[in-house]
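The values are calculated or read from the model by the stated rules, or taken from the named source; none is laboratory data. These numbers were taken from a predicted model, which means no experiment stands behind them. Counting neighbours? That spans all protein chains shown, and the Cβs are built from the backbone with ideal geometry, glycine included.
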Amino acid sequence: MKSSHRWEFIALLIPLAISLSFADGAWVKGIAQDVHDGDTFKLKVAGQIIKVRMYGVDAPEKDQAYGEEAGKALRTLIDGKEIRLQITDKDRYGRTVGEPWLGDSINVSLWMIKNGHAWWYKSYSKKRIDFKEAEEEAKAKKLGLWADDKPTAPWDFRSQPKKKNNGKKNKKKKNGG
């Protein structure tokens, strides 16, 4: 094979290798960026950006009570840092679902639950006793969202009818309207 054809062949194999590395159970390493909220961020892996939905947690929505704080907590912890992600699935929105690790010792999903920034998402991680115990501990200590006596779970918040303008003031129309 000629040298130029060899490089073309290798160039074709790289995207294939990257896509295979995103298979369930695979581990990828990248830099966290663009934290969307308390359970979603982007990860730059080998020049490719993947949208990550964190496994086993559900954080308050951005327009929900404690939503901004949850997003800020995740942003402060991971933004711009190297993350190892164990891929578990793809969700219905096409996001890569995975369990992110900061270094070898901080399970980011567990950290968010333990510090009261997110709920344990039982319906997707029933067997995770560590998540259950972390949530119970955060509740007992009234950490984060648990400072509220009856915080609304994100899955309940999402099922509520949306308020018009999300409680924001109406903008005045141009031309005196």
| task | Output the qualifying pairs, or none if there are none: Cβ atoms under 7 angstrom, residues six or more apart or on different chains, first residue in region 46-62 and without any contact (Cβ under 8 Å) to a residue 40 or more places away in the chain, second residue not in a strand (DSSP E or B). | result | 46/18; 48/18; 62/68; 62/71
| query | Mind checking whether some residue in region 22-44 is surrounded by 12 or more Cβ atoms within 10 Å (Cβ to Cβ), modelled with pLDDT under 95 and polar (S, T, N, Q)? | reply | no
| field | Residues located in region 28-80, provided they are assigned to a strand (DSSP E or B), under 17 Å from residue 110 (Cα atoms) and of a type in the set (S, T, N, Q) | value | 40
| message | For region 134-149, give me the residue count where each residue is loosely packed, with under 14 Cβ neighbours inside 10 Å and outside any helix (DSSP H, G or I). | response | 3
| task | For region 57-112, enumerate the residues that are closer than 20 Å to residue 30 by Cα and of a type in the set (Gly, Ala, Ser). | result | 71, 73, 80, 94, 98, 103, 105, 109
| said: Filter region 62-107 down to the residues that are closer than 23 Å to residue 157 by Cβ and buried (at least 22 other Cβ atoms within 10 Å of the Cβ) and list them by number. | reply: 66, 70, 71, 74
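Would you pick out the residues in region 48-83 that are acidic (Asp, Glu) and more than 13 Å from the chain's Cα centre (by Cα)? Give the derivation first.
Taking region 48-83 and keeping what is acidic (Asp, Glu), we get 58, 61, 63, 68-69, 79, 82.
Answer for region 48-83, where residues must be acidic (Asp, Glu) and more than 13 Å from the chain's Cα centre (by Cα): 63, 68, 69, 82.
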| For region 102-157, which residues satisfy the criterion of being of a type in the set (Lys, Arg) and touching a residue at least 60 places away in the same chain (Cβ under 8 Å)? | 128
| message | Suppose we keep only residues that are among the hydroxyl-bearing types (Ser, Thr, Tyr) and not in a helix (DSSP H, G or I) within region 81-123. Which one would you say is nearest to residue 137 (Cα to Cα)? | response | 121
